[in-house]
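First up is the structure itself, then whatever we jot down about it.
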Amino acid sequence: MGGRPTATRRRRTGGRDRRAWVPLLVPAALLASGAAVDAARGPGLGWLFAAAAALAAALAALTAPRGRAWWAAALPPLVIAAVAAVTQLLTGASGPHTGTTAMTAGIRWAMDSFPAIAAAEAAAVLVLTLRAVRTGRSARPDGSVRPGGSRRADGSRRAGRRRRGRAAHA
Amino acid sequence: MPEYPRTAPRRTTGAPAPRRTSVPAPRRTGGAPRRRPAPRRRGTRRARAAGLARLAVCLTSAAVLLTSGVGWFAYHWLNNGLITSHALDALRDGAPRGRDGAVNVLLIGLDSRRDMNGNALPKEFVERELHAGSSEIGGYNTNTLILMHIPAGGGKVTAFSIPRDDYVEIAGGRGEHKIKEAYGLAKAEAEEKLVAEGVRGADLEHRGREAGREATLATVQKFLGVPIDHFAEVNLLGFYDIAKVVQPVQVCLKKPVRDRYSGADFPAGLQNLDARQALAFVRQRHGLDGGDLDRTRRQQAFLSSVTHKLKSQGVWGDVGKLQGLFDVVKKDVVIDDRWNILDFARQAPNLTGGNAEFHTLPIEGFATRKGEAVNLVDADKVRALVGKMIGGGSATASASPTGSGAGAGSGSGEASRSGSDGGSAGGGGGATSGASPGPVPSDAFQGPAVEMGGVPCVD
């Protein structure tokens, strides 16, 4: 009897963990699309890629679960740098056949990725700050959150606090 | 032996339990102390590992941000301040179609003794260092015109020197003139209109030069039947300044020369030149068997020597060393506004690596036109030859722009080229344009080719 609730909880937790990645798919697709379109427009990645990166980061910061919101600020440089490098390889902007020097390839990569990284970081930090300010305003002095005070995509945080609250009362 | 209690004594006072740094103390409600449950320890370890992973991700992310930022700023630091021109914009619509990914760059050497704002260079400097006479002579002739074809995928670079006295149709309906005069003619025309509009000073000079560049680029593009993707223009002062940065430059002469006009006074064999001597080396034409055409080969040899030196010193791969060169380039060289240095660096490893070959475009003979000695050219033949060498799409080559093919000219002093320079040989003369790349007889060009990648010996 005791095993069933545990298994159910594990299933529930696992399900929630899996679902937590779902909101990241849209920003990832947005970033990849931006890179593809920008690369098709001409050599190197430009403002379109930077705009797509900023939008993707903002979206990720908006939909990230509260406990994992730091990902939204920490991941953009890594993901964007990887996407820029892959684009550079796929479009032939770098490669052994062109005899490109490491310095040239490195600067090209930096030229492609830095504006997008900077825009994405700015967007992510802005959205996360706004979220924090909004949550701070709607929080009660004792630390609890008014119903509807936190805008959650999956509602996990609100449920967790309620559970803790009930446990404390019990 | 004293007995130590196995467990901590029960606290009887109301003082709080000592805090542990990593794990909060279990709440004690009395009774015997309890062992911490195992799942809790596992959770702590997991939390610590998660914290470390989070820290690692954040640090890596910050490193990526920093690295890309440094690269970005380095590029802009290098690139800022270049003098750019919009002259190519006017040509793009009517440009012949090029092959995918290949790049054609036109190098323009301007024989001007004035700075970028039109101010005359100091007389002493011009006479002593440049050995170029008064600021009034020379005008705005483009004494060096070299088209460099950089194939897609990094193949061998092919460069074509256009003899400056080639008698061709100047773009813009200006009639037939020496190709070197396109710049000055268009500049003078434009300045006349601009002065009437009240434009003066440096602005007049800048806008006049833009008109000159447009005319030169359009003329060369039409003459060769290939699109010009980029250009770089340097004047006497610019050449001198660049030579000063890269000096001493090693060159090789087949025989000793002495010329009071250019100031050239060199023994035969390998020798190192300073900036002043370098300028004399590339400007000398008096006292050379081939005259202007030998001078063209001098210029090719000098470019090869400089490239060889920069490569052997590792300048191309060193941002710090490049910076010194760029400081001069920013001051004295004009490039087109769409020239991305990174793209060029990517496209031209063979050029910077010395894998290039210089050819001098053929002429059909000499003649006198409008009182001046000119080179007669067969424009169709030139276009076909260039097309055959680099696969240029010369769809616009339906009519000869020169109207001055071999033997077509009137006037006195007309002579057909022959002998060692024999420029009338083969090479698909008069063939249809838009030829595919293929083997071209070595004698199709004016004299032997100059191979880049070392210090070629020239006359």
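Data table
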| read-out | value |
| --- | --- |
| Alpha-carbon radius of gyration plus Dmax, which is the widest Cα pair, for segment B:143-203 in Å | 16.5, 50 |
| Long-range amide H partners of B:W339 with built H, under 5 Å | none |
| B:M452 long-range amide H proximity, modeled H, under 5 Å | B:A356, B:E357, B:F358 |
| Shielding by partners, peptide A:67-74 (average Cβ within 10 angstrom, other chains) | 2 |
| FRET efficiency for B:D459 and B:K156, using Cβ-Cβ distance with R0 set to 25 Å, rounded to 0.05 | 0.55 |
| Phi-based couplings in Hz for segment B:81-89 (Karplus 6.51, -1.76, 1.60; Gly and Pro marked x) | x, 5, 7, 10, 10, 9, 4, 6, 4 |
| Amide hydrogen neighbours beyond the local backbone of B:V257, cut-off 5 Å, H modeled | B:F266 |
| Buried accessible area, chains A and B (both chains, 1.4 Å probe, Å² to nearest 100) | 2200 Å² |
| Heavy atoms of B:M452 accessible to a 1.4 Å probe, total area in Å² rounded to 10 | 20 Å² |
| Full-extension gain in nm, B:K193 to B:Q323, via 0.36 nm per residue minus C-alpha separation | 42.9 nm |
| Ranking by accessible area, most exposed first, for B:Y183, B:Y140 with a 1.4 Å probe | B:Y140, B:Y183 |
| From phi via Karplus (6.51, -1.76, 1.60), per-residue ³J(HN,Hα) for segment B:256-262 in Hz, x at Gly/Pro | x, 9, 8, 9, 6, 5, 8 |
| Efficiency of FRET from Cβ geometry, A:A32 and B:L270, R₀ 56 Å, rounded to 0.05 | 0.50 |
| Scaled radius of gyration (Cα, divided by 2.2 N^0.38 Å) that segment A:24-138 gives | 1.16 |
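The values are calculated or read from the model by the stated rules, or taken from the named source; none is laboratory data. Given the structure is predicted, the values throughout are model-derived calculations rather than measurements. Note: ideal-geometry Cβ built from the backbone for every residue, glycine included; neighbour counts use all protein chains shown. Accessible surface is based on the protein model in full, side chains and every heavy atom, while ligands, DNA and RNA are left aside. Shrake-Rupley method; radii C 1.70, N 1.55, O 1.52, S 1.80 Å.
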